[in-house]
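Working notes, structure below.
Where a number appears in this text, it was derived from the coordinates with a stated rule and is not lab data. Computed from a predicted structure; not experimentally measured. Here the Cβ positions follow ideal geometry from the backbone for every residue, glycine too, while neighbour counts run over all protein chains shown.
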Amino acid sequence: MALARDADRQEESNMSRQKLIEMTRSLVKHGEADTMELVDDVMAVPASDYTDEDRFEQEKERIFKRLPLMVAPSCELAEPGSYKAMEIAGIPVLVTRQKDGTAQAFLNSCTHRGNPVAQGSGKASRFTCGYHGWTFKNNGDLLAVASPKDFGAVDKAAFCLKKFPTLERAGLIWATLDPESTLDIASYLCGYDELLEHFGFKTWHLFEQRTIPGPNWKTAYDGYLDFYHLPVLHKDTFGADFFNRANYFAWGPHQRLSSPSKFVQKTGSDEQVDLTQMDEKDWPIDALLQGVWTIFPHISIASFYGGGGRGAMISQLFPGRNVGESFTTQFYVMEHEPTDDEVRQGAHDQFAFLETVVAEEDYKTGKRQHEALQSGMLDKVWFGRNEGGGQAFHQWVDKLIKADDAQLDAIFTPQLEAAE
Ligand code: FES
Ligand SMILES: [Fe+2]
């Protein structure tokens, strides 16, 4: 059985590596021809989609509280007993790594009278509620009621913490913040997780993390979905000659963006390698994975070589308290934990640089853009034929807001089948 499973996994891995090679082939071809893939037409989005409070409420209800969300990279909860508490669209969430090694998300709310049972993050095999002292195991079971004789009879099995459907794949943990959800998380991923597996995040190390405030969540997310703005908005940080083209590859609503070019940066140096001068089977994995990998509706993964090793910044974006606010947790993950101070400092500097780029350039612009849109004087905003990523994102937001719960499976299952 185990052997058969290993063989299946190997076959999946070979197939998805083949897909990575096909994408790279297309990027090289477009790079040589000095072209990019363009979508059919420019597309307008009503400006009010970014500013309307009712629309914002719908997005929280129908997207963030109904679809699987990537709640944590596996390395954030590396060992049995690791946990973190967080809030997503007003829902208190607790994610734990249980004794058996699996990850599980819960409603962080005591079944006695609702107080959150955990704060912050750390390691704990049990949580004692700070209000009256009920104790829960980190698998959600109610272990003990305080002063049980006085309290009265309690069927402990009926008072476990509420569980959210949870799935760990590719070194990332997803949860759906609806205990009744029947949407299969694997179907929702549309086969994208098999490609993400190639990063090997499962064994990576969480170097640093931080949370920064931002503008409306879609305004913020738009910025992760185009390269068009890079040499303009980021001219002082990335440089004015930065490439502004991206080709988009989609698995359902999840999209990868990558520059059409035959050149890739050689691992660990500034030197450029010409992929056409190499046999495809020798194309290095970081060349095959280059660019930005987004996970609908709120994740962006940018990988690079920096600070002495392979690293990635995983940005996790959530809507804030009102339509004009969001917050983003940036996880800086590294293939290897740095062992000397120089590497540690290099990684730290790179992470600080990326924070500045996002906070000072992307999000400050997003705030100004949002304030201008709130004037209500502009009816529409536009996405060009070169901004297919933003177009697809807004189309998916629209489609999912309109879809009933019962339609969700039918939306994602065919996407998964098409990817296989
Ligand atoms: S609310 Fe948790 S013990 Fe009372
Ligand atoms: Fe940007």
Label model pair Val42, Asp141: point-to-point distance (7 angstrom along the Cα→beta-carbon line) in nm is 6.2 nm
Hey, rough spin-label estimate for Thr203 and Arg5, points 7 angstrom out along Cα→Cβ, what's it come to in nanometres? 1.8 nm
Round to the nearest 0.05 the FRET efficiency obtained for Glu53 and Asp405 when R0 = 35 Å and r is the Cβ-Cβ distance. 0.90
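Taking R0 as 25 Å, what's the FRET efficiency between Arg210 and Thr365 from their Cβ-Cβ distance, rounded to 0.05?
0.80
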Largest first and to the nearest Å, give the Cα extent of the range 319-418 along each principal axis. 52, 44, 32
Rank Leu373, Asn138, Thr51 by how far each Cα sits towards the positive end of the charge dipole of the chain (+1 on Lys, Arg Cβ; -1 on Asp, Glu Cβ) and give me just the farthest. Asn138
Taking alpha-carbon centroids only, the range 192-218 lies from the range 359-391 a number of Å equal to 24 Å
The range 133-169: chymotrypsin sites (Phe, Trp or Tyr not before Pro) in DSSP coil with no more than 13 other Cβ atoms inside 10 Å: none
For Lys262, which lysines qualify as cross-link partners when the Cα separation must be under 19 Å and same-chain residues fewer than eight apart are set aside? Lys19, Lys29, Lys281
Cβ-based charge dipole, the chain, positive-most Cα from Asn108, Leu38, Ser187: Asn108
Pick out the long, greasy-scoring helices in the chain: whole DSSP H runs spanning 20 Å or more along their own axis by Cα, mean Kyte-Doolittle at least -1.0. 341-356, 388-402
For Glu337 and Phe238, extending 7 Å from Cα along the Cα-Cβ vector and measuring point to point gives, in nm, a value of 3.3 nm
In debye, nearest 20: dipole of the chain around its Cα centre with unit charges on the Cβ of K, R (+) and D, E (-)? 1360 debye
Cα gyration tensor category, rounded, prolate or oblate, for the range 220-373 with a/c compared to 1.5: prolate
Sum -39500 (n - 2.57) across every DSSP H segment of at least 4 residues in the chain, then divide by the residue count to get the 222 nm mean residue ellipticity, nearest 500. -8500 deg cm²/dmol
